[in-house]
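Since every read-out is calculated from the coordinates, none of them should be taken as a lab result. What you see is a predicted model, and the numbers here were worked out from it, not measured in a lab. Cβ placement follows ideal geometry from the backbone for every residue including glycine, while neighbour counts extend to all protein chains displayed.
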Amino acid sequence: MSEPAPFPSPPVAGLLTFLGVALTLFAWMLLLPDAGHALALALGLCLGLGGVATLAARAVPASADLGLRGFSPRFLVPIALLLPSLVLSSELDNVVRPRFPAPPAPEGAEPSDPAALRLAAVEFAIVTALLRPVVEEFHFRAVVQQGAVAQLGAAAGVLYTALLSGLAAGALGLPFGAGYAASSGVQAAFTGLLLGLVRQATGSVLAAMVTACLLRGLAIASVLLFAEALPIPGFNAPGAHTPGGVLAASAAAVALGVALLVRRGRPA
């Protein structure tokens, strides 16, 4: 009896991603007036990308590997070395976003209660650093990537999945303007390459989820907690660009992390 064809195929993965993003945006905008930004986005992600990925996972052949397992502690150091990619990703934002006109500032906004702002910040952090990475990594690195790698090969499959995740992030950024959308898409595609490598090397989507959560959590902390103690121009402090020395050091750490992942990873 022949083995079932890998699922999803690259074209089907594109359609699933389009459907997931469309449902996410629809639910997000529909619930936004009553639920608020963070809760509406959380529900939209679960119903959209999460719901589509869950249904698609049921159609994945039993012999396929979704990566639903833990990962070896030997990958902790390479994952930690990938965290400075935040600085490189921020520099991509410095390059991309100024090429687009800034969105108009909202007019007539009433002053917000400080307590409400703190609550909104906590909600935003939970959704951004915990829920969104888990949902997106399950969709892209668990469901989409295993099918893409099976049909395109490891390198092309990881690249294709990263491009899809970049397009999805860009689409989800459209409500905040073209510049934000373009920057989000480019940054997500870059980060998606690293997360795809983590998934491929470790064989675990949990490793990709942990890495994504760490990256998003550290991004929030660098602005809210470390901006005064450790200011980096162009990253968490004012500046058109990040100093070249900081970028070079970050790139070296990421390159070492990638090399260790490739060396310690599973055979493709």
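Centroid-to-centroid, using Cα positions, segment 79-106 and segment 113-142 are 18 Å apart.
Which of rounded, prolate or oblate describes segment 199-268 when judged by the alpha-carbon gyration tensor and an a/c cut-off of 1.5? Oblate. The charge dipole of segment 37-103, taken about its Cα centre with unit charges on the Cβ of Lys, Arg, Asp and Glu (plus for the first two, minus for the last two), comes to roughly 100 debye.
Relative contact order of the chain: what whole-number percent is it, with Cα pairs under 8 angstrom and at least 6 residues apart? Provide the component values of the computation, followed by the final result.
Details: 372 pairs, mean separation 73.0, N = 268.
That works out to 27 percent.
Taking 0.36 nm per residue of separation and subtracting the Cα-Cα distance, full extension of the segment from Val12 to Arg264 would add 87.6 nm. Among the chymotrypsin sites (Phe, Trp or Tyr not before Pro) within segment 179-268, those in coil by DSSP and having at most 15 neighbouring Cβ atoms inside 10 Å are Phe226.
Against the chain, whose longest principal axis is taken from its Cα atoms, helix 10-35 shows a tilt of about 30°.
Among Ser204, Ser183, which comes first, second and so on when ranked by fewest other beta-carbon atoms within 10 Å? Could you put the intermediate results ahead of the total?
Working: Ser204 23, Ser183 26.
Neighbour counts put them in this order, fewest first: Ser204, Ser183.
Stretching Phe226 away from Val122 to a fully extended chain increases their span by 35.8 nm, per 0.36 nm per residue minus the current alpha-carbon distance. Working from Cα positions, state the angle (0 to 90°, nearest 10) between the long axis of helix 205-224 and the longest principal axis of the chain. The angle comes out at about 10 degrees. Averaging Cα coordinates gives a centre for segment 190-268 and one for segment 1-77; these two points are 23 Å apart. Spherically averaged projected area of the convex hull of Cα atoms, segment 35-135: 10.9 nm². From its DSSP helices (H runs of at least four residues, each -39,500 (n - 2.57)), the chain gives a residue-normalised ellipticity at 222 nm of -21000 deg cm²/dmol. So which residue, out of Gly217, Gly245, Gly14, gets the largest mean-square fluctuation from a GNM of the chain using Cα contacts under 10 Å as springs? Its mean-square fluctuation being the largest, the pick is Gly245. Using θ = phi - 60° in the Karplus curve 6.51 cos²θ - 1.76 cosθ + 1.60, the 3J(HN,Hα) couplings for segment 179-189 round to x, 5, 5, 5, 5, 4, x, 5, 5, 5, 5 Hz; x is entered for Gly and Pro.
So what is log10(I(q)/I(0)) for segment 57-97 at q = 0.15, 0.19 1/Å, when the Debye sum runs over its Cα atoms only? Each listed q corresponds, in turn, to -0.67, -0.74.
Charge dipole of segment 63-181 (Cα centre as origin; +1 on each Lys and Arg Cβ, -1 on each Asp and Glu Cβ, all else neutral): 420 debye, rounded to the nearest 20. The angle between the Cα long axis of helix 154-172 and the main principal axis of the chain comes to about 30°, on a 0 to 90 degree scale.
For Ala237, what residues show an amide H to amide H distance below 5 Å, using hydrogens built from the backbone and excluding near sequence neighbours? Residues meeting the criterion, in which the H sits 1.01 Å from N, are Ile232.
Explain nothing, just the number: dipole magnitude of the chain about its Cα centre with +1 on each Lys and Arg Cβ and -1 on each Asp and Glu Cβ, in debye rounded to the nearest 20.
On the way: 13 positive and 12 negative charges, 187 e Å.
Using Cβ point charges on Lys, Arg, Asp and Glu, the chain gives about 900 debye.
From the square roots a ≥ b ≥ c of the eigenvalues of the alpha-carbon gyration tensor of the chain, which class results: rounded (a/c under 1.5), prolate (a/b over b/c), or oblate? Oblate, because a/c is 1.5 or more while a/b does not exceed b/c.
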